[in-house]
Amino acid sequence: MTNAPIQISRDWLGRVHTSLLAWWAPTAAIVAGLFVPVSVRAVIWIIALVWIGMACILNARRCNRTHCRYTGPFYLAMIVPVMLLGTGLVAVNMFGWVCLGAIILGGSWLIWWATERAWGKFS
């Protein structure tokens, strides 16, 4: 007997409100952060990445959602390049920030697609 119905019912991604709060709001903050000064952008992105990374890790523990086990640490790891760019240790222009944002959002999408395609939605 499978416990798939239990996993689905515990999955935050399956609920509109929790999905909006845990993933879509921080994603929107990352995109909106492109239009503010670098110091503010770095703070917004770091908060958003911590928020979304922890939401993924907690969701993986709640329901064994496959991609959340990988995207959570990925989002948290992406804090390092944001800090490097935000502090000026690595100097980039706006294009560099857009590329980093694309790597963050595109990378998480790629992880979601690849892991759930390979191992299923819950594993």
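Odds and ends about this structure:
- Farthest toward the positive end of the dipole of the chain, out of 44, 59, 85, is the Cα of 59, where the dipole comes from beta carbon charges about the Cα centre.
- Just checking the listed ones, 22, 55, 102: in the Gaussian network model of the chain with Cα springs under 10 Å, the one fluctuating most is 102.
- For the chain, the share of accessible area belonging to carbon and sulfur comes to 75 percent (1.4 Å probe, ligands and nucleic acids excluded).
- C-alpha long axis of helix 68-77 to longest principal axis of the chain, angle in °: 20
- Contour excess over end-to-end distance, with Cα ends at residue 92 and residue 17 and 0.36 nm allotted per residue: 23.4 nm
- For the chain, the longest principal axis of the Cα atoms and the long axis of helix 38-63 meet at an angle of about 10 degrees.
- The chain - Cys residues lacking any other Cys C-beta under 4.7 Å: 63, 99
- Taking amide H atoms as placed 1.01 Å from N in the peptide plane, the amide H of residue 122 lies under 5 Å from those of 66, each 5 or more residues away in sequence or on another chain.
The values are calculated or read from the model by the stated rules, or taken from the named source; none is laboratory data. Since this is a predicted model, take the numbers as computed values, not measurements. No Cβ is skipped: glycine too gets one built from the backbone with ideal geometry, and neighbour counts run over all protein chains shown. The protein model used for the area step is the full one, side chains on, heavy atoms only, and it has no ligands, DNA or RNA in it. Shrake-Rupley method; radii C 1.70, N 1.55, O 1.52, S 1.80 Å.
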